[in-house]
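*Asks:* Okay, handing you the structure first.
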Amino acid sequence: MSKPKLSKRIGLIQPSLTIGISAKAKELRSQGVSVTNFAAGEPDFDTPDNIKYAAIKSIVKGNTKYTPAGGTNELKDAVVEKEKRKNGLKYKRENVCISVGAKHALFNIASVMLDEGDEIIIPSPYWVTYEAIASYVGAKPVIVKTEEKNGFVPKIEELEKAITEKTKMIIINNPSNPTGATYSEDELKEIAKLAEKHDIWIISDEIYEDIVFDGYKPVSIATLSDYARERTLVVNGVSKTYSMTGWRIGYTCGDRDVIAAMSKLQSQSTTNPTSIAQDAAIEALLGPQDSVERMRVAFEQRRTYIVKALNEIEGITCHNPKGAFYVFPNISAFFGRKINGEEIKNSMDFATKLLETEHVALVPGIAFGADEFVRISFATSMKEIEEGIERLKQFVSKLS
Ligand SMILES: *Cc1c(COP(=O)(O)O)cnc(C)c1O
């Protein structure tokens, strides 16, 4: 039999490289190899108990049937409450759509907002999914490069240069995956002004808003002007803040017509996000918040340790991130060097050789459109971080 003839559309996207490397590391582990995993894209903590018990209660109560496609009123109300408390944003139920994770929310936004040929501006290094989703719906991702020396925040002139009459939206991820870049209020105000001047929509991915360091307090761009309030789609979820990646609950807040369109799409595709997980998310958003601070403090300690340790390795420079749980060191000084006679030409070679020889898994920067870097996730224990740094030092010392 010949191979199936798949749609052109599915040929437009690549599988997530992040997930690919994690799988390879898991495979090595299953063979008994001790692998240090710096590739994780999720918190290493368990979901807090109060949230787990809320889910159990939900099952026992019998909340095990379909809910409205765009989420339950109770969870929408919890989101409204949380956005008011945290960001001072005033939404109504009709401004909220609950999806199967923030990734699903982004996919649905792209599906209901972007036509073939529409352009979406994505600052790079970027979370790969943004580009994949835009391509999948036939839109054109327009990549605007940022620089390490500017803290990986795009320059307003560079953003403006990328705007054409086809530009429909810009995506801002603050704090950012993979760089940990954080935007100041002034930088966000400038972006809001630029969006208004050219009448473009803003997608604000705020999934890391609670994982912030050195006193940095993110503001939502949606609060920074009347235009931004109307034309920003705020995307968030419970995956990162509450260590709930497997529960699959994300949400979008914004214009009610966009929200209605997203709910309509869900009604004909996924139907509702899991009823039980929605109840658990209510507890996450409205219940005690002390676990959030506990995890944040642990991330901050690890961040401080790892940035210092990396910068002490000759040849590596590492920007100090003020948010998320990744560092994005520049490893390009090793390009042209060899290990076991084989040359390291790019970030993929670096990541592959490091995994093969020292059993450290991390993600090559090319996966985020930045080949001079690698992404190290510190969503793992201090002990594993120390071990990984030792192995990385070993690796670098073996390069000729
Ligand atoms: C993890 C992540 C998300 C979404 O995660 P979900 O589990 O789908 O809610 C969104 N944006 C970025 C940048 C992320 O890293």
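The values are calculated or read from the model by the stated rules, or taken from the named source; none is laboratory data. Small disclaimer: the values here were computed from a predicted structure and weren't measured. All Cβ positions, even for glycine, are placed from backbone atoms using ideal geometry, and neighbour counts span all protein chains on display. Surface areas here come from the heavy atoms of the whole protein model, side chains and all, with no ligands, DNA or RNA. Shrake-Rupley method; radii C 1.70, N 1.55, O 1.52, S 1.80 Å.
*Asks:* Only Lys, Arg, Asp and Glu count, each charged at its Cβ (+1, +1, -1, -1), so figure out the dipole size of the stretch 63-286 about its Cα centre, rounded to 20 debye.
*Replies:* 520 debye
*Asks:* Net charge within 9 Å of Arg256 by Cβ-Cβ distance, Lys/Arg positive one each and Asp/Glu negative one each, not counting Arg256 itself? All intermediate terms of the calculation are to be shown ahead of the outcome.
*Replies:* Values: positive: Lys92; negative: Glu94, Asp255, Asp257.
Local net charge: -2.
*Asks:* Among Ile339, Val142, Thr357, pick out the residue whose Cα is farthest towards the positive end of the charge dipole of the chain, where Lys and Arg carry +1 and Asp and Glu carry -1 on C-beta, about the Cα centre.
*Replies:* The listed residue farthest towards the positive side: Thr357.
*Asks:* Mind grabbing the accessible area of Asp46 for me, 1.4 Å probe, Å², rounded to tens?
*Replies:* We get 110 Å² for Asp46.
*Asks:* Looking at the stretch 57-121, which chymotrypsin sites (Phe, Trp or Tyr not before Pro) are in a loop (DSSP not H, G, I, E or B) and have at most 10 other Cβ atoms within 10 Å?
*Replies:* Details: sites: Tyr66, Tyr91, Phe107; in loops: Tyr66, Tyr91.
Qualifying residues, ordered by number: Tyr66.
*Asks:* Share of Cα-Cα pairs in the chain beyond 30 Å, in percent?
*Replies:* Working: 33391 of 79800 pairs.
The proportion of pairs with Cα distances above 30 Å equals 42 percent.
*Asks:* Once the dipole of the chain is set up with Lys and Arg at +1 and Asp and Glu at -1 on Cβ about the Cα centre, which of Gln301, Met262, Leu392 lies farthest towards its positive end?
*Replies:* Checking the options against the dipole of the chain, the answer is Met262.
*Asks:* Please report, in debye to the nearest 20, how large the charge dipole of the stretch 103-182 is about its Cα centre when each Lys and Arg carries +1 at its beta carbon and each Asp and Glu carries -1 there.
*Replies:* Result for the stretch 103-182 is approximately 180 debye, rounded to the nearest 20.
*Asks:* Would you please classify the overall shape of the stretch 17-150 from the alpha carbon gyration tensor, given that a ≥ b ≥ c denote the square roots of the eigenvalues, rounded means a/c under 1.5, and beyond that prolate means a/b larger than b/c while oblate covers the rest?
*Replies:* Details: a/c = 1.85, a/b = 1.10, b/c = 1.68.
Cα axes put the stretch 17-150 in the oblate bin.
*Asks:* Could you go through the stretch 173-179 in sequence order and give the Karplus-derived ³J(HN,Hα) for each residue, using 6.51 cos²θ - 1.76 cosθ + 1.60 with θ = phi - 60°, rounded to whole Hz, and x for Gly and Pro?
*Replies:* 10, 10, x, 9, 9, x, 8
*Asks:* Further question: Please list the three semi-axes, largest first and in whole Å, of the ellipsoid equivalent to the stretch 63-286, using sqrt of 5 times the eigenvalues of its alpha carbon gyration tensor. Provide the component values of the computation, followed by the final result.
*Replies:* Values: eigenvalues 146, 77, 49 Å².
Gyration-tensor ellipsoid for the stretch 63-286: 27, 20, 16 Å.
*Asks:* Here's a follow-up. Please figure out what share of the DSSP beta bridges in the stretch 63-286 is antiparallel and state it in percent, rounded to the nearest 5.
*Replies:* Values: 8 of 26 bridges.
Given both bridge residues lie in the stretch 63-286, the antiparallel proportion sits at roughly 30 percent.
*Asks:* Provide the net charge surrounding Ile339, with neighbours chosen by a C-beta distance below 15 Å and charges set as Lys +1, Arg +1, Asp -1, Glu -1.
*Replies:* Working: positive: Arg337, Lys338, Lys345, Lys353, Arg391, Lys393, Lys398; negative: Glu342, Glu343, Asp349, Glu356, Glu358.
Counting the neighbours of Ile339, the net charge comes to +2.
*Asks:* DSSP beta bridges in the chain, what fraction antiparallel, as a percent rounded to 5?
*Replies:* 45 percent
*Asks:* Sticking with this one: Under the classification rounded if a/c is under 1.5, otherwise prolate if a/b is larger than b/c and oblate if not, where does the stretch 210-290 fall, given a ≥ b ≥ c as square roots of the Cα gyration tensor eigenvalues?
*Replies:* It comes out oblate by the Cα gyration axes.
*Asks:* Then there is this: How much solvent-accessible surface does Arg294 expose, in Å² to the nearest 10, with a 1.4 Å probe and all protein chains in place?
*Replies:* Using a 1.4 Å probe on the heavy atoms, I get roughly 150 Å².
*Asks:* Magnitude of the Cβ-charge dipole of the chain, K/R +1 and D/E -1, about the Cα centre, nearest 20 debye?
*Replies:* Details: 52 positive and 54 negative charges, 195 e Å.
Dipole magnitude for the chain comes out near 940 debye.
*Asks:* Sequence-distant or interchain residues sharing an amide H contact under 5 Å with Lys145, placed H: which?
*Replies:* It is Ser124, by chain and number.
*Asks:* A further question follows. Please give the calculated 222 nm ellipticity per residue for the chain, where each DSSP H segment of at least 4 residues contributes -39500 (n - 2.57) and the sum is spread over every residue; nearest 500 deg cm²/dmol?
*Replies:* Values: 13 runs with 165 residues, N = 400.
Helices in the chain give a 222 nm mean residue ellipticity of -13000 deg cm²/dmol.
*Asks:* To the nearest 10 square angstrom, what accessible area does Ser30 show with a 1.4 Å probe?
*Replies:* Ser30 has an accessible surface of roughly 100 Å² with all protein chains in place.
*Asks:* In a shell of Cβ-Cβ distance under 15 Å around Asn50, excluding Asn50 itself, what net charge do Lys and Arg (+1) and Asp and Glu (-1) give? Don't skip to the answer; put the middle values down first.
*Replies:* Working: positive: Lys52, Lys57, Arg294; negative: Asp46, Asp49, Asp279, Glu283, Asp290, Glu293.
Neighbourhood net charge equals -3.
*Asks:* Tell me the relative contact order for the chain as a rounded percent, counting alpha carbon contacts under 8 Å between residues six or more apart.
*Replies:* On the way: 771 pairs, mean separation 93.2, N = 400.
RCO, the chain: 23 percent.
*Asks:* Right, here's the next one. State the percent of C-alpha pairs, over all pairs in the stretch 248-400, separated by a distance greater than 21 angstrom. Don't skip to the end; give the middle numbers.
*Replies:* Values: 6717 of 11628 pairs.
Beyond 21 Å sits 58 percent of the P(r) for the stretch 248-400.
*Asks:* Something else now. Along the three principal axes, how long is the stretch 1-51 when you take its alpha carbons, biggest first, rounded to the nearest angstrom?
*Replies:* Principal extents (largest minus smallest coordinate, Cα): 47, 33, 20 Å.
*Asks:* So, for the chain, what is the accessible surface per residue at a probe of 1.4 Å, expressed in square angstrom? If you can, show how the numbers build up before the last one.
*Replies:* Working: 18160 Å² over 400 residues.
Value returned for the chain: 45 Å² of accessible area per residue.
*Asks:* Work out the charge dipole of the stretch 63-286 with +1 on the Cβ of Lys and Arg and -1 on the Cβ of Asp and Glu about the Cα centre, then indicate which of Ile276, Val235, Tyr251 is farthest towards its positive end.
*Replies:* Ile276
*Asks:* Something else: I'd like the carbon and sulfur percentage of the solvent accessible area for the stretch 228-346, probe radius 1.4 Å, heavy atoms only, ligands and nucleic acids excluded.
*Replies:* Working: 2260 of 4810 Å².
So the carbon and sulfur contribution to the accessible surface is 47 percent.
*Asks:* Leaving ligands, DNA and RNA out of it, report the carbon-plus-sulfur percent of the accessible area of the stretch 151-213 at a 1.4 Å probe. Display every interim value, and only then the final one.
*Replies:* Numbers: 1040 of 2320 Å².
Roughly 45 percent, rounded to a whole number.
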